[in-house]
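All remarks here apply to the structure that follows.
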Amino acid sequence: MHALNPVYTALPTTIFEHMSGLARDHGAINLGQGFPDAPPPAALSSAAARALAERSQQYPPMAGLPELRDAIAAFYRRRQALDLARDHVIVTSGATEAVAAAVLGVVSPGDEVLLFQPAYDAYAPLVRRVGAVPVFVPLVPPRWAYDGDAIKAAITPKTRAMIINDPLNPTGTVMNAAQRAMLAALAVAHDLFVICDEVWETVRFDGAEHASLLAEPGMAMRTVKIGSAGKIFGATGWKVGWMIAAPEVAAVLAKAHQFLTFTTPPMLQWAVAEGLADDTMIDSQVAGWATTRAVLNDGLRTRGFAVLPGVATWFSCIDLAASGIAIDDRTVAERLVREAGVAAIPLSALWEGNDAPRHILRLCHSKPASMLEDALARISRWRDTL
C-alpha cells in the first residue's frame, strides 16, 4: 500500500480528544476541552431558527454573507477602533479553518514560521503540511511574556511569518502595549507576515478592550487577524470564524478558503451578524463567565492551589509544584480523570521539545457553578490521598 501523508501519520490523537474520551469512559467532569455547558444566548439561537425558516439554505457567497462581513467590520470599528470594511473580511468555517487558510495563503514550502510555546496544537501541523518549518520560541511562566531577544535570535533569512495567539490559550494572559509594539517592529524590520489568532478577544476579565497587532504602525498590509463567533457567544459547535486582512491580502486568503470549506451555513452567518450588533448580549456572556471563573479560581486558592496569573479565555492554570504536588502534569491529568473523575489538560501537551514546563495544569471554568464546586471537591480529596 502507498504511504500516507507523513505529517498526519506521525500525529498522535490530540490531547483534547484524548482527555475528553477518558472523561466519557470514566463518567468524569470534563474541565479539559474548552466549551461552555450552557447554550448560546437564546436570541442568537432564535435568529438562527428564524433564518432557517425565512432565508435561503443554498450556498452563500464564498467570502461570506455581505450582512455578516459588514457586521464584523462594524463590530471591530466599534469595539477596537479598526478602520475596516467588507472587503477586509473573509468568513470561514471556524477559526481553525481560518488559521489553515491563512497559513496556506501566506506561507510557501521551505519557509520558516515562528510559533510561541505553549501553542494551540493545530499550528505546527498546518505549517508542516505546506512544506514549511515551524521554529519554536518558548514563553516563560508565570507571565508568559514575549522576549524580543529570543525572537530576534530565532529569525533567519528563511523566516516568513509568525503566528501569535493573543489572548493566549492555554495561559489566559494578554500581551501589553510594549510587547505589541516590539512584535510589530520586528515584523516590519524583517518583512514578516503575522497571523494573529485573536479568538479570545472579547473573553477578558480585566475590564479592558482588546487591542490588535493589526492596529500597530506598519502592520496593515502584513497582518491576518482571526476571530471566532464560537468564542464570543459560547457557541463552539457553530464553527463560524473569519479572517481580517487588507483587501489585497484578503483576496488571496479567500482563494485558499474556497478550496477548504468554500462556505459556512448561511443561517448561522445571519444569526452571528445579528449577534455582533448587540453589545449587551456579548458583555452579558462575559459577565456570566466571570462569575464561574471566580468560583473555580477562588475555590482553588481556598483549597491551597496556586493559580497562575491570567485575565482572559475560559481557562485557569494551576502550578502543581507550588501547590505541593510533586508529580508531572501529564501524570496528574491521567490520574485525576481516572481516580478523581475530573478531566484537565496538561500544559506540556501544547509544547514541542524537551524544554516544556511539566508542572502546569489547565482547567476550563466556563461551566455551571455546581459542576465546578463538585470538581473542586473531587480534586481536593484526590490531592489529600497523595
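The values are calculated or read from the model by the stated rules, or taken from the named source; none is laboratory data. Computed from a predicted model, the values in this text were never measured in an experiment. Every residue, glycine among them, receives a Cβ derived from its backbone with ideal geometry; neighbour counts consider all protein chains shown. All accessible areas refer to the heavy atoms of the entire protein, side chains included, with ligands and DNA or RNA removed. Shrake-Rupley method; radii C 1.70, N 1.55, O 1.52, S 1.80 Å.
Short-range pairs are left out: with C-alpha atoms under 8 Å and at least six residues apart, the relative contact order of segment 1-160 is 16 percent.
Annotation: amide H-H contacts under 5 Å for Val342 (H modelled 1.01 Å from N, sequence separation of 5 or more, or interchain): Ile29, Val337. Here is the link list: Lys231/Lys367; Lys158/Lys225; Lys152/Lys255. Which ones come out longer than 25 Å on Cα distance? In this structure, Lys152/Lys255 exceed 25 Å between Cα atoms.
Starting from the Cα gyration tensor of segment 1-50, take the square roots of the eigenvalues, sort them a ≥ b ≥ c, and report rounded, prolate or oblate (rounded when a/c is under 1.5, otherwise prolate if a/b is larger than b/c, else oblate). Judged from the Cα gyration tensor, segment 1-50 comes out oblate (a/c at least 1.5, b/c at or above a/b). If you take every residue apart from Ser108 with its C-beta less than 15 Å away from the C-beta of Ser108, what net charge results, scoring Lys and Arg +1 and Asp and Glu -1? Neighbourhood net charge equals +2. Is the C-alpha gyration tensor of segment 204-278 telling us rounded, prolate or oblate? Criteria: a/c under 1.5 is rounded; beyond that, a/b larger than b/c is prolate, otherwise oblate. Because a/c hits 1.5 or more and a/b fails to exceed b/c, segment 204-278 counts as oblate.
When the dipole is taken about the Cα centre of segment 316-386, and only Lys, Arg (+1) and Asp, Glu (-1) are charged at their Cβ, what size is it in debye, to the nearest 20?
The calculation lands at about 180 debye.
Over segment 228-386, what relative contact order in percent results from Cα pairs under 8 Å that are six or more residues apart? Each step should come with its number before you reach the end.
Details: 173 pairs, mean separation 29.4, N = 159.
About 19 percent, as a whole number.
At 222 nm, what helix-only mean residue ellipticity would the chain give, in deg cm²/dmol to the nearest 500, using -39500 (n - 2.57) for each DSSP H run of four or more? Show your work: numbers first, answer last.
Numbers: 14 runs with 158 residues, N = 386.
Helix-only estimate at 222 nm: -12500 deg cm²/dmol.
So, with a 1.4 angstrom probe, what is the percent of accessible area on the chain that is carbon and sulfur? Of all accessible area on the chain, carbon and sulfur atoms account for 55 percent. When Tyr146, Tyr120 are compared by accessible area of protein heavy atoms, the largest-first order is Tyr120, Tyr146, using a 1.4 Å probe.
For the chain, the relative contact order comes to 25 percent (Cα pairs under 8 Å, sequence separation of at least 6).
Scanning residues 5 or more positions from Thr92 or on other chains, those with amide H under 5 Å from its amide H are Gly241, Trp242, Met243, with H placed 1.01 Å from N in the peptide plane.
Residues whose amide H lies under 5 Å from that of Phe315, counting only those 5 or more places away or on a different chain, are His365; hydrogens are built 1.01 Å from N in the peptide plane.
Find out how many positive minus negative residues lie around Leu386, taking Lys and Arg as positive, Asp and Glu as negative, among other residues whose Cβ is under 15 Å from that of Leu386.
Details: positive: Arg303, Arg335, Arg338, Arg378, Arg381, Arg383; negative: Asp328, Asp329, Glu334, Glu339, Asp384.
For residues surrounding Leu386, the net value is +1.
For the chain, state the semi-axes of the equivalent ellipsoid (square roots of 5 times the eigenvalues of the alpha-carbon gyration tensor), sorted largest first and rounded to whole angstrom.
On the way: eigenvalues 203, 138, 83 Å².
Gyration-tensor ellipsoid for the chain: 32, 26, 20 Å.
Starting from the Cα coordinates of segment 258-386, work out the convex hull volume and express it per residue in Å³.
161
Applying the Karplus relation 6.51 cos²θ - 1.76 cosθ + 1.60 with θ = phi - 60° to segment 204-213 yields 3J(HN,Hα) values of 10, 10, 9, x, 9, 7, 5, 10, 9, 4 Hz, where x marks Gly and Pro.
Across segment 331-340, coupling constants 3J(HN,Hα) worked out from phi with the 6.51/-1.76/1.60 Karplus curve, θ = phi - 60°, read 5, 4, 4, 5, 6, 4, 6, 7, 9, 10 Hz, and Gly and Pro carry x. Please report the net charge: other residues with Cβ closer than 12 Å to the Cβ of Ile226, K and R +1, D and E -1. Neighbourhood net charge equals -3.
Using a/c under 1.5 as the rounded threshold, could you call segment 1-100 rounded, prolate or oblate? The axes a ≥ b ≥ c are square roots of the C-alpha gyration tensor eigenvalues, and prolate needs a/b larger than b/c, oblate otherwise. Taking the square roots of the gyration eigenvalues as a ≥ b ≥ c, segment 1-100 is prolate.
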